[in-house]
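The values are calculated or read from the model by the stated rules, or taken from the named source; none is laboratory data. Note that the coordinates shown come from a computational prediction; the quantities given were computed from them, not determined experimentally. We place every Cβ from the backbone using ideal geometry, glycine too, and count neighbours over all the protein chains shown. In case anyone asks, the SASA skips ligands and DNA or RNA and just uses the protein heavy atoms, side chains included. Shrake-Rupley method; radii C 1.70, N 1.55, O 1.52, S 1.80 Å.
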Amino acid sequence: MKRRLLSLSAATLAGALALSGCSKGSNSGSTSADGVTTIKFVAADYGSNGQNPTQEYWQGVISAFEQQNPKIKVDLQVINWNDIDTQVKTMVQNGNQPDILQTGGYADFAKNGQLYPAQDVLSAGTAGDFLPAMAHAGEQEGTQYGIPFISSARMFLINNELFKKAGLDPANPPKTWADITADATALKKAGVEIPLGVPLGKEEAQGESFIWMLENHGGYQDDKGKYVINSQANIDTFTQLKSWVDAGLTEQSPASVNRTDLAKDFASGKVGMLNGIPTQLNDVKNMDVTWTSMPGKDGASKATLGVADWMMAFKKGGHKEQIKAFLDFAYSKDNTVKFDKEYSLLPVTRSALTALQADPDQKALTPFLQILPTAVFYPLSDPTWPAVSAQVKTQIGSAATDPKKTLDALQQAAQQAGE
């Protein structure tokens, strides 16, 4: 997923400026005469528009690590989300892959046999601390290669003021799609500009679509990893979305509306209901809102869409033990909690989850923290997913106009990607 998280999505971080640099010169991936080994670490920048650069965070971690491990040096390079995939691809093609990479996806590198299994570069204590759903999402053919770094989840967001204006009770949020229809109709009659926000623009259409698919027991793949984009469940899901669009209960032309723009409309009081993400917490902190479980076709969902970014360790340098030492240090509770707080992201470990739940300053995150263990992920372990996701982003919005034709075309494209 060259997804942008919250942002847990890089789409929301797309404006980040490049920030790259080496902390210890160019002696990366080597061992000096005095027995000091240098490992190369490439990471994504979670700062926004040059603010709060991630390089400062990692330099602090590396400085503390090197003090405790004088025989290991870490050569750091931080790259913005717009450029990291391209630059890493070039590094790998030229045989200059880093020892450790933190970015949005691992599947291609794992398929090509370039990565250490996670168990080879993590201590038992570190490996056992990951939330099970997160660890499982990093597996390919039964072996974990992707090491979760940060996560996000989705919840249903309601503008309580607009609900009250429409004579609805925010304490009784919609639990079924029939409830959404009734509440959105009441909001429309009360003059709400967009009763239900359904952003199917290319920024995050693959995520928005997946959320609604999940609430009807659908999805992109079945339990055996076979693409089922045009399943009857998914067709029924988009038929429901189409009915809301046709009834004027959503924004006009969802296929042309991006999530970021609709989130701004929600913050300005124009939207009654919306699938929300943690990064909206700051935007709505002065509003009267309710965060609740996703309404399902027949009842409130017990699952939610999860998004994650990843660490991975390349085998070429042969620095397994040095990588293991650094990752164990980087994934300590104090470090992971600090990063999650710094960038308003969700944890991937049990220890960080417990710490954030107990932190009174993080009270607004509580609904997301509670639902995080139920997160369901994109088919991240499938090397064809990035290409399929790219087509979904640009085409699936049309399914709100013609469900079967659009989903049939995407199913055909997905099957061809796997050939």
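Points to keep in mind about this one:
- Placed amide H near LYS73: partners under 5 Å, 5+ positions off or other chain: THR37, THR38, ILE39
- Partners for LYS89 among aspartates and glutamates (Cα-Cα distance below 19 Å; same-chain residues under 8 apart left out): ASP45, ASP75, ASP99, ASP108, ASP309, ASP382
- Backbone geometry of region 343-349 corresponds, through the Karplus equation with coefficients 6.51, -1.76 and 1.60 at θ = phi - 60°, to 3J(HN,Hα) couplings of 10, 6, 10, 9, x, 10, 10 Hz, x marking Gly and Pro.
- Using the Karplus relation 6.51 cos²θ - 1.76 cosθ + 1.60 with θ = phi - 60°, the per-residue 3J(HN,Hα) values for region 79-94 come to 10, 5, 4, 5, 10, 5, 4, 5, 5, 5, 4, 5, 4, 5, 4, 8 Hz, with x marking Gly and Pro.
- Accessible area per residue, Å², region 123-164 with all protein chains present, probe 1.4 Å: 33
- Across region 318-369, counting alpha-carbon atoms alone, Rg and Dmax equal 13.0, 43 Å.
- Per residue, the Cα convex hull of region 188-329 amounts to 180 Å³.
- Nearby lysines by direct alpha-carbon distance to LYS165 (threshold 18 angstrom, same-chain neighbours under 8 apart not counted): LYS188, LYS189, LYS270
- Nearest-0.05 FRET efficiency for ALA300 and THR366, computed from C-beta distance (R0 25 Å): 0.90
- Over region 236-277, accessible surface divided per residue gives 38 Å², non-protein components excluded, 1.4 Å probe.
- Solvent exposure of region 360-419 amounts to 47 Å² per residue of accessible area, where only protein heavy atoms count and the probe is 1.4 Å.
- Nonlocal amide H pairs with LEU305, under 5 Å, H built at 1.01 Å: ARG154, VAL376
- Fraction of accessible area attributable to carbon and sulfur, region 114-265 (%, probe 1.4 Å): 48
- Measuring between alpha carbons in the structure, the pairs from LYS73/LYS202; LYS224/LYS316; LYS242/LYS393; LYS226/LYS405; LYS224/LYS302 lying more than 29 angstrom apart are LYS73/LYS202; LYS224/LYS316.
- Separation in nanometres of the label points that stand 7 Å from Cα toward Cβ, at GLN252 and ARG350: 5.3
- Once divided by 2.2 N^0.38 Å, the Cα radius of gyration of region 81-136 becomes 1.29.
- Remark: relative contact order (the chain) = 25 percent; criterion is Cα-Cα distance under 8 angstrom and separation of 6 or more residues.
- Calculated FRET efficiency, ASN94 to SER268, Cβ-Cβ distance, R0 = 56 Å: about 0.75 to the nearest 0.05.
- HN-Hα J in Hz across region 118-126 - Karplus 6.51, -1.76, 1.60, θ = phi - 60°, x for Gly and Pro: 4, 5, 7, 10, 10, 5, 4, x, 5
- Among residues other than ALA178 with Cβ under 13 Å from its Cβ, the summed charge is -2 (Lys and Arg +1, Asp and Glu -1).
- The slack in the chain from LYS320 to ASP402, taken as 0.36 nm per residue of separation less the alpha-carbon distance, amounts to 24.4 nm.
- P(r) of the chain over all Cα-Cα pairs, binned every 10 Å from zero, in whole percent: 5, 22, 31, 24, 13, 5, 1, 0
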